[in-house]
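Asker: Okay, handing you the structure first.
The values are calculated or read from the model by the stated rules, or taken from the named source; none is laboratory data. Bear in mind the structure is a predicted one, so any value in this text is a computation, not a measurement. So basically every Cβ, Gly included, is an ideal-geometry build from the backbone, and we count neighbours across all protein chains shown. To get the accessible areas, we keep the full protein, side chains included, count just its heavy atoms, and leave off ligands, DNA and RNA. Shrake-Rupley method; radii C 1.70, N 1.55, O 1.52, S 1.80 Å.
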Amino acid sequence: LKDKPDEKAKTIAFVEATVVGVLLECQAKWCRVEMKSAGEANKQKYKGWLPRQAIWGVYPHENKL
């Protein structure tokens, strides 16, 4: 999970393949998502960017939700 829609942007969290999150928006090759941490006593929410190709069910023409 990146803080900006750029491969060289700062990594803010690592997301496992089966994690379910909330899709907030998509721009070109990147989508902004919200994820909750698992297994921690104080679950944190993370908002950041993932490559569109890494998200199942998002089509190339979809930009606004």
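Asker: Taking segment 36-55 only, how many residues are of a type in the set (Lys, Arg) and open to solvent by less than 40 Å² (accessible area, probe 1.4 Å)?
Answerer: Total meeting the criteria: 1.
Asker: Additional query: Scanning segment 8-35 for residues that are without any contact (Cβ under 8 Å) to a residue 12 or more places away in the chain and either open to solvent by less than 100 Å² (accessible area, probe 1.4 Å) or not aliphatic (A, V, I, L, M) (or both), which turns out nearest to Glu62 (Cα to Cα)?
Answerer: Thr18
For every residue, the table says whether it meets (1) modelled with pLDDT under 90; (2) in a loop (DSSP other than H, G, I, E, B); (3) touching a Leu at 6+ places or on another chain (Cβ under 7 Å).
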| residue | (1), (2), (3) |
| --- | --- |
| Cys31 | no, no, yes |
| Glu34 | no, no, yes |
| Ala38 | yes, yes, no |
| Gln53 | yes, no, no |
| Gly57 | yes, yes, no |
| Lys64 | yes, yes, no |
